[in-house]
Each structure stands twice: as structure tokens, then as C-alpha cells.
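Below is one structure, written out as C-alpha cells, with a few remarks after it.
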Amino acid sequence: MKNTKLWLGAMVVLLSGCGGGGSGSGSGSDHHHEPVHYPPELDAFHVVDSYGVSSEDSPHSQLVLNPYVDGGQFEIYWYATNMDDYTIELRINDRPDFAGSRLISSDYCGPGLDCDRDGIQFCEYFADFSMSCAPPSATSTRVYFDDMVYALPEQLFLILDLCDTRSDSCEFRTREIIIE
């Protein structure tokens, strides 16, 4: 009987430590844990040029856009690792950074949306040095970049920027293109 009382006393002391110290209801629910948030990651960004060359299939091939080949059409697509929503922006520039770049298109992506872990946009390059891109279910607007063109062929850069909608976390990739 004495051993049973000792054992019960020890259990009461041990169990009273569960739920942490401090005041409150004593229910042990004083600890609040925010769910872990993993920002999205841009795993890959690819372009299929006017001639059908894909940067995914031919990573070292030059990507060329021509307004007279296949109507100037080309595609961009990406792969992302994400648990939540994110935004993407497609930009063009004469150097591989954001300074002076032009926004061509943007999209809101995530679970249950048209673009989730992967996305695609159909684009068109026009002879007047303008371009438009949009997801399959949207309309596009032409963006002019004639001030970035000095002579043909011209080297330019497509920039895909992926940003977390819940933080300031962004990540981008570039693809060099040649316009004819």
C-alpha cells in the first residue's frame, strides 16, 4: 500500500509538469504554434522559341524569337515547389536584372488555380518590337521594347520572377534570347 501511494504521488508530480509552468487555465493549451510556412521555390524556367527549340530539352542551345516564323509565337513555362499561393511576373530587359526591365505579364498561382506547381504562358513577338504573353485562359496586352533594340539580331533577356504572397520572399531566373 505504501508503494502504491508513493507511486501515485510520483505520477502526480510528473504529470503536473506537463503543460508548462506559468499561469492560465492549466489545460496545457497555453502553447500556440503557428503553422510552418514554406515560401515557394522556382525550380525551373524554360522557353520554347519561334523555331521550337526548348531550353529544357536543349539547355545549351540559343533561343531565337522571330516575328515571321510561326507568327512570332513562343512559350514560357516554369516549375515551382509551393504549398501556398504565389505570383509570377515575366519581364524583358537588355541585361539580366530588373533595373529598366518591362513587365510583359503576371499571374496569380497556387493550389486549385490554373497555375500551381507548373505554369505556362503563350507569347507572341511582333515585328514592331513588341511582345505579349498570357496564360491560356486570359487575354494579353502588347508591351513595346523598341528602345532596347540597337541592331538585329539583338540579345535580350526574359526574366521570370516568382514571389510568395505571404512574405517578401522572391526568386527569379533569366533566359537569354536573341530576337531577329
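Values quoted throughout were computed directly from the atomic coordinates according to the rules given, and no laboratory measurement underlies them. Since the model is a prediction, treat every value here as computed from it, not as a measurement. Virtual Cβ from ideal backbone geometry, glycine too; neighbours counted across all protein chains shown.
Yes or no: A127 surrounded by fewer than 19 Cβ atoms within 10 Å (Cβ to Cβ) and within 25 Å of P40 (Cβ to Cβ)?
Details: surrounded by fewer than 19 Cβ atoms within 10 Å (Cβ to Cβ): yes; within 25 Å of P40 (Cβ to Cβ): no.
Considered against the rule, which asks whether it is surrounded by fewer than 19 Cβ atoms within 10 Å (Cβ to Cβ) and within 25 Å of P40 (Cβ to Cβ), A127 comes out as no.
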- Task: Return only the number of the condition from (1) over 18 Å from V64 (Cα atoms); (2) free of Cβ contacts under 8 Å to residues at least 40 places away in the same chain; (3) β-branched (V, I, T) that V149 does not satisfy.
- Result: (1)
- Query: Pairs, please: C-beta under 9 Å, at least 6 apart or cross-chain, first residue more than 20 Å from L63 (Cα to Cα) and in region 101-130, second among the aromatic types (F, W, Y) and surrounded by fewer than 18 Cβ atoms within 10 Å (Cβ to Cβ)?
  - Reply: C115/Y108; R117/Y79; D118/Y79
- Message: Being under 12 Å from the mean Cα position of the chain (by Cα), buried (at least 17 other Cβ atoms within 10 Å of the Cβ) and of a type in the set (S, T, Y) is true for just one of Y108, Y86. Which residue is that?
- Response: Y86
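Suppose the filter is farther than 25 Å from C170 by Cα and not hydrophobic (A, V, I, L, M, F, W, C); does N66 pass it?
Numbers: farther than 25 Å from C170 by Cα: yes; not hydrophobic (A, V, I, L, M, F, W, C): yes.
Criteria met by N66.
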